[in-house]
Amino acid sequence: MQQPSAPVTAPSFDERLTAPRSWWGIAVLLGLSGALILLPLGVLPALGGLLAAGALAAVGVSSYGSARIRVVAGSLVAGDARIPASALGRPEVLDAEEARAWRTHKADPRAYMVMRSYVATAVRVEVTDPEDPTPYVYLSSREPEALAAAIEAARAEVG
């Protein structure tokens, strides 16, 4: 007889910051460029160039667009960071103009940023842990209101 496993907590927010479709078009064009560069050497090298350059470009676009932001089990998981909700302040939803300001002239170099320039809106959350030198977390998000609500819910849950 199997022992019941610990309950798996479903994320209250889960977003992947995928790259825009136009970037995939650029990856195709890079593959074609690889084929054209090797075309003087023959058809087979051109096909190899198409596959190699296209695959490298696709891997680059896919990896850059694989950043995830989740709120799960009382924590904010953004990129490589896992921050407990108890160490977070109130989230601030940033419109496109304010998000741009926090990416540029208002930015603090000590901040943790999961930033994608092709995502206009964002959420900024202060880090309240006195032992953490990170002043805030900046998170690009296509659904900033939902992300802020999930962070607030996680903070309320922790108490």
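The values are calculated or read from the model by the stated rules, or taken from the named source; none is laboratory data. Worth saying up front: this structure is predicted, and the values here are computed from it rather than measured. Note: ideal-geometry Cβ built from the backbone for every residue, glycine included; neighbour counts use all protein chains shown. Surface areas here come from the heavy atoms of the whole protein model, side chains and all, with no ligands, DNA or RNA. Shrake-Rupley method; radii C 1.70, N 1.55, O 1.52, S 1.80 Å.
Residue pairs whose Cβ atoms lie under 8 Å apart, separated by 6 or more positions or on different chains, with the first residue in the range 15-32 and outside any helix (DSSP H, G or I) and the second open to solvent by 60 Å² or more (accessible area, probe 1.4 Å) and of a type in the set (A, V, I, L, M, F, W, C), do not occur.
Once the range 76-92 is narrowed to residues that are in a strand (DSSP E or B) and over 16 Å from the mean Cα position of the chain (by Cα), the residue that is farthest from GLU157 (Cα to Cα) is GLU92.
For GLY42, indicate whether it is surrounded by 11 or more Cβ atoms within 10 Å (Cβ to Cβ) and either at pLDDT 95 or above or more than 30 Å from GLU152 (Cβ to Cβ) (or both). No.
Kindly indicate whether ILE37 is part of a helix (DSSP H, G or I), open to solvent by 30 Å² or more (accessible area, probe 1.4 Å) and farther than 23 Å from ALA120 by Cβ. For ILE37, the condition - part of a helix (DSSP H, G or I), open to solvent by 30 Å² or more (accessible area, probe 1.4 Å) and farther than 23 Å from ALA120 by Cβ - is met.
Out of the range 97-113, which residues are part of a loop (DSSP other than H, G, I, E, B) and among the acidic types (Asp, Glu)? Explain how you work it out, then say what you get.
Taking the range 97-113 and keeping what is part of a loop (DSSP other than H, G, I, E, B), we get 104-111.
The one that is part of a loop (DSSP other than H, G, I, E, B) and among the acidic types (Asp, Glu): ASP108.
Taking the range 53-68, which residues are in a strand (DSSP E or B) and touching a Ser or Thr at 6+ places or on another chain (Cβ under 9 Å)? Selection gives nothing.
A search for C-beta distances below 9 Å between a residue of the range 66-93 that is in contact (Cβ under 8 Å) with a residue 24 or more places away in the chain and on the phi > 0 side of the Ramachandran plot and any residue that is among the aromatic types (Phe, Trp, Tyr) and crowded, with 16+ Cβ neighbours inside 10 Å, counting only pairs 6+ apart in sequence or on different chains, returns GLY79/TYR112. When the residues of the range 124-148 are narrowed to those that are within 15 Å of the chain's Cα centre (by Cα) and outside any helix (DSSP H, G or I), which ends up farthest from ALA85 (Cα to Cα)? The qualifying residue farthest from ALA85 (Cα to Cα) is ARG142. For VAL71, the conditions (1) in a helix (DSSP H, G or I); (2) crowded, with 16+ Cβ neighbours inside 10 Å are fulfilled apart from (1). Taking residues in the range 123-138 that are closer than 16 Å to VAL77 by Cα, and partners anywhere that are open to solvent by 60 Å² or more (accessible area, probe 1.4 Å), the pairs with Cβ atoms closer than 7 Å and at least 6 places apart or on different chains are VAL123/GLU92; VAL123/VAL93; ARG124/GLU92; THR134/ARG110; THR134/TYR112; TYR136/GLU126; VAL137/TYR112; TYR138/MET115.
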